[in-house]
Structures are given as C-alpha cells and as structure tokens.
C-alpha cells in the first residue's frame, strides 16, 4: 500500500471519532424498535432485589452483566486513549469489549499499540475486528490470526458494511462470494468468529448464510443508533450518505429475524441500545448480550468517571427491570413477559 493511501486510512480513523462526537449521526425517522415492546410489571415479584444475578457466560468468559462495549476505534493516539479507558471500564465492570477495525495496523504495524489493552484488562472477553470484505481485498486467514494475536483477543469479529463502503472514499465494494471466504476463516482460525453489521442490521437471509458457513455468533448491529452512512457523508462529499442515512433493518426486527433463522447461535444486540431497559428487552427478545458504542464514546470524551457512572446506571436500570419482572437471573429474564408487536 502507498504511503498516501495508508495516511488516508489513518485520517479516516481520526475523522470517524471527531464526526461521532461532534455531528448528528444518529437515526431519526427509524428507531431501534425497543419502544414497541413493554415488560409486564409484576407488583409481587417474590424475589429479593439484592440477590439478583446479572451474570452471563459468552464464549467461555463470564460477564458480570450482558453488556459489551461495541467496536469503536483504534489506529491513532487519541483512539488508543479511548480504548484504554474502555478497557479499564470493561475490566472494572466485567463487560465484553471490541476494538475498531485493525486493518490500519496490519498495514502499519507501528499502530498496533493503539489497539492493545490486555495489560489493563487481562480478564475481559476481548474481540479483535477486521472488515470481512478485506478477505476479497488481499487479507487472508493469516491476516485474521494476526489481528487476534495482535491484541490477545478471545474471538474475532468480521464486520459487514456494504452501505458504508459504497459511501466511503475508495471503499471496497467487491462482496462477491464473500460468505465462502468467511467460512474459510471459521474453519481454520482457532477462536470463535462473530459476524456483525456496523449499524444497518442483519437480515434472516444473511443470518442463514452466516450460520451455514460456520460463524460462532452474530451481532445484528441494527438501525436505530449510529448511522455509518451519515458518518461517512459528514466526513466526505458523498450525498448518498444523507439520502440513505436512515437505511437499514431496525435492531429489534433484525434480532427477531436472526433468532428465527439461526436459533442456536449466540446473538449480540446492538444498534440504538441506550438504557438498561433496552438491554433487558434485548435479552427477552432472544439476544445473549447487548452492545453499545456511541453513548460510551461520548461519555469517555467527557471523563473516565462519566463513563463509569454511565455503566453503573445501566446496571442499576437492568437490575430494577429484572426485579419488577420477577427475574432473579438472566435466564429468568429470557422468559419474562413482553407485550407489543413485531411490526
């Protein structure tokens, strides 16, 4: 890769953080869908709130609550600072965490340190991250192994972002037969492979393809939170990002579809998750954990304490919902009664 192209990738990383922090890049006309459902309130829950257990196990790692700091950033000194703040929070609260796309570090090993957090978060469930389309653009199974080893990850996320690539300058849009390439990685690499969107949702058809080729889990990353079409439009001059800024499958609709078509796969529900009640609804609708990104980034930009306070609030909200539904564990919450509709 040329120096100019490598520099552009680094600038893009920095731009993504700045745009996310300072521009309006969230969905407006399309919501994540959580408002369409309500829990049945139990006035006599018959449990002690102080004994509620919010822990879950995902890919062999125990989480103190079903929450993930979703992939956000990496590749610049500023990104490194954010990743370390996120990692400290994940370690303190027992959360999962994913780093941003590591392609820039494959191209420039001097940037590997911006993704590395194991020294301060030795126990967390940590996800490496690479764009799946890069498997059609020079990356290999060895590349996937390298990004896992680079950060001592427990699992690998391969992100799917066709709309973002269409809007991004010099985007990679050759997704031809990509599911087979993903399957090759699943067959060879020695950690679980999770496929995720970046904020526009996973359909039932895509879930079936991914399940057939052997992914270990799916992060639906649905519409309703951050629109990466809008992010790319804000940092460039491609007006398609504005006209398609509300494109995608709502998180709830994606979650329900994936659960139906790939019922045995662990599911991460992200995209517009904003409250502890959203986390609880995700679990009740079939997710194993929920994920959040933009709210955590904006909290971390204020201070680490603000981020810690946000996570503590989410935990208290989740526990309160569990208490008021009579759910003493996450397994109980999975069968808590919801009212609402799927359309």
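The values are calculated or read from the model by the stated rules, or taken from the named source; none is laboratory data. Small disclaimer: the values here were computed from a predicted structure and weren't measured. So basically every Cβ, Gly included, is an ideal-geometry build from the backbone, and we count neighbours across all protein chains shown.
Some points to look at:
- Residue list for the stretch 292-311, filter: farther than 20 Å from residue 224 by Cα and either in contact (Cβ under 8 Å) with a residue 40 or more places away in the chain or more than 21 Å from the chain's Cα centre (by Cα) (or both): 300, 301, 302, 303, 304, 305, 307, 308, 311
- Residue 56 being touching a strand residue (DSSP E or B) at 6+ places or on another chain (Cβ under 8 Å) and in contact (Cβ under 8 Å) with a residue 12 or more places away in the chain: yes
- Criterion: buried (at least 23 other Cβ atoms within 10 Å of the Cβ), in a loop (DSSP other than H, G, I, E, B), at pLDDT below 95 and under 22 Å from the mean Cα position of the chain (by Cα) - qualifying residue of 74, 100: 74
- Restricting the stretch 171-189 to residues that are touching a strand residue (DSSP E or B) at 6+ places or on another chain (Cβ under 9 Å) and outside any loop (DSSP other than H, G, I, E, B), the residue that is farthest from residue 138 (Cα to Cα): 186
- The one condition in (1) under 30 Å from residue 316 (Cα atoms); (2) in a helix (DSSP H, G or I) that residue 47 fails to fulfil: (2)
- Checked against (1) touching a helix residue (DSSP H, G or I) at 6+ places or on another chain (Cβ under 9 Å); (2) surrounded by fewer than 23 Cβ atoms within 10 Å (Cβ to Cβ), residue 110 passes all but condition (1).
- When the strands (runs of 3 or more DSSP E) confined to the stretch 265-343 are screened for residues that are buried (at least 19 other Cβ atoms within 10 Å of the Cβ) and in contact with a helix residue (DSSP H, G or I) (Cβ under 7 Å, 6 or more places away or on another chain), those reaching at least 1 such residues are found at 267-270, 289-292.
- Residue within the stretch 87-97 that is touching a strand residue (DSSP E or B) at 6+ places or on another chain (Cβ under 8 Å), on the phi > 0 side of the Ramachandran plot, touching a residue at least 60 places away in the same chain (Cβ under 8 Å) and outside any helix (DSSP H, G or I) present: no
- Residue count for the stretch 141-178, restricted to those that are loosely packed, with under 15 Cβ neighbours inside 10 Å and within 19 Å of residue 212 (Cβ to Cβ): 2
- Among the candidates 194, 215, 104, residue that is closer than 25 Å to residue 231 by Cβ and either free of Cβ contacts under 8 Å to residues at least 60 places away in the same chain or touching a helix residue (DSSP H, G or I) at 6+ places or on another chain (Cβ under 9 Å) (or both): 104
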